[in-house]
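S.K.: Below you will find the structure I want to go over with you.
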Amino acid sequence: MAVIDPNTNAIVAVALSPTSGGTDFALVNQSTGLVYMRQQSNIVVIDGRSASATFNQALPSLSFPGYAIRSLALDETRGLLYMTSVTTGAPPVQGHILIFDANPVSATFHQMLHDIATPANSPTLGIAVNPLTNKIYLGTQGNGPGGLSGIFVLDGATLSLNRIAGTVPSLEVEVNVTSNLVYATSNGNRLTAVDGATNTLLALIPMPGLITSSLSFSERLAINGITGRVYVQSSDVLSPGKVIVVDGDRSSSNFNTVLTAITVGRDSNSILVDEGLNRILTTSIFDFGTYGTTIIDGATNAVIATVPANDWCFDTQ
């Protein structure tokens, strides 16, 4: 993995992974400076602490033979790393929520604290944390006898796990911490909205585009906690790609309705919100000759730039 100085855009180090396989999703712990990257059944950890003897080097990976890691989330307040995973091999498929100590000064640093199983044949996908309420939300897709689908909520204090009534098979989950609202991409090209205060279903919002790609489900949803806007990136290939804008402001008369769909590159696969600048960045595989990034003004919903690239564009972090 290359380490780039954002001030100069120069590569300043190359960190060699101690485990094999490609990485396809990164999560940065802003409190500790550690970077976590998903790698099949491993989590690669890069030390981003400038005062550390292992600065810009890989620490020992977190490895889970027989598991496929689906998604990651951090509770920086409590120093916890949450992962969703599923067993590989013969059925039934078993979903798990793995909770790790992410505090470098803790005696149990990078050790598993809890392994919580979901109902059999209820594989877990996306996961998100509300550190203010200590609630963790995850999307599941029932698959097989007894499998349950929808959005589950885990109480971080009691570790009790409950399905939210009325929710449907879901993939990625994100939380607006400011307004205590939970959103998830769901089957049938719908966006699920949940009230985090009561953990009840608010709406199933139809989307004007394909949003349920299982190949890159974990990076199609982003929220601006300041404006309340929810951004859903479609995975359309035959038709133009879209960034779908949903009003997530509780006080708005348009609450939980689609405001607009902004045309972007086809087969889009990652989206990021810069709350300070009120900008949305998306990447795509097709168009812009042929790979590229689209930058959107969150105030006007206008595309203000398209940046071509020479290779595949994936993560925006």
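The values are calculated or read from the model by the stated rules, or taken from the named source; none is laboratory data. Bear in mind that the values here come from a model prediction, so they are computed numbers and not experimental data. Cβ: placed from backbone, ideal geometry, glycine included. Neighbour counts: every protein chain shown. For accessibility, only protein heavy atoms count, side chains too; no ligands or nucleic acids. Shrake-Rupley method; radii C 1.70, N 1.55, O 1.52, S 1.80 Å.
S.K.: Taking the Cβ of Tyr183 as the centre, find all other residues whose Cβ is under 10 Å away and add up their charges (Lys, Arg: +1; Asp, Glu: -1).
M.R.: -2
S.K.: Show the residues, 5+ positions off or on another chain, whose built amide H is closer than 5 Å to the amide H of His114.
M.R.: Ile99
S.K.: When the accessible area of the chain is split by element with a 1.4 Å probe, what percent falls to carbon and sulfur?
M.R.: After summing per-atom areas, the C and S share lands at 55 percent.
S.K.: Would you tally the net charge around Ala193, using a Cβ to Cβ cut-off of less than 14 Å, leaving Ala193 out, and scoring K and R as +1, D and E as -1?
M.R.: For residues surrounding Ala193, the net value is -2.
S.K.: Could you give each residue of the range 7-21 its phi-based ³J(HN,Hα) in whole Hz, using Karplus coefficients 6.51, -1.76, 1.60 with θ = phi - 60°, and x for Gly or Pro?
M.R.: 6, 10, 6, 9, 6, 9, 6, 10, 9, 8, 6, x, 10, 8, x
S.K.: Please compute the per residue accessible area over the range 36-98 with all protein chains in place, 1.4 Å probe, rounded to a whole number of Å².
M.R.: Accessible surface, normalised per residue, equals 39 Å².
S.K.: Residues with beta-carbon under 9 Å from that of Arg229, excluding Arg229: net charge, scoring Lys, Arg +1 and Asp, Glu -1?
M.R.: Local charge sum for Arg229: -2.
S.K.: Which whole-percent values make up P(r) of the range 64-142 when all C-alpha to C-alpha distances are grouped in 10 Å steps starting at zero?
M.R.: Percent of pairs per bin, in order: 19, 49, 26, 5.
S.K.: What ratio of Cα Rg to 2.2 N^0.38 Å holds for the chain?
M.R.: Ratio of Cα Rg to 2.2 N^0.38 Å: 0.97.
S.K.: From the phi of every residue in the range 243-256, what ³J(HN,Hα) in whole Hz does the Karplus formula 6.51 cos²θ - 1.76 cosθ + 1.60 yield, where θ is phi - 60° and glycine or proline is x?
M.R.: 9, 8, 9, 10, 7, x, 8, 4, 8, 7, 5, 9, 3, 6
S.K.: Let me ask you something else. May I have the convex hull volume per residue, in Å³, for the Cα set of the range 91-201?
M.R.: 106
S.K.: Two-decimal Rg/Rh of the range 30-165 from alpha-carbon positions, Kirkwood Rh?
M.R.: 0.99
S.K.: Highest first, please rank the peptides 185-195, 248-258 by the mean number of other Cβ atoms sitting within 10 Å of their residues.
M.R.: Ranking the peptides 185-195, 248-258 by packing returns 185-195, 248-258.
S.K.: Further question: Show me 15-27, 232-244, 65-77 ranked by packing, highest mean number of other Cβ atoms within 10 Å first.
M.R.: Top of the packing list down: 232-244, 65-77, 15-27.
S.K.: Please work out whether the range 138-254 counts as rounded, prolate or oblate from its C-alpha gyration tensor, where a ≥ b ≥ c are the square roots of the eigenvalues and a/c under 1.5 means rounded, while otherwise a/b larger than b/c means prolate and anything else oblate?
M.R.: oblate
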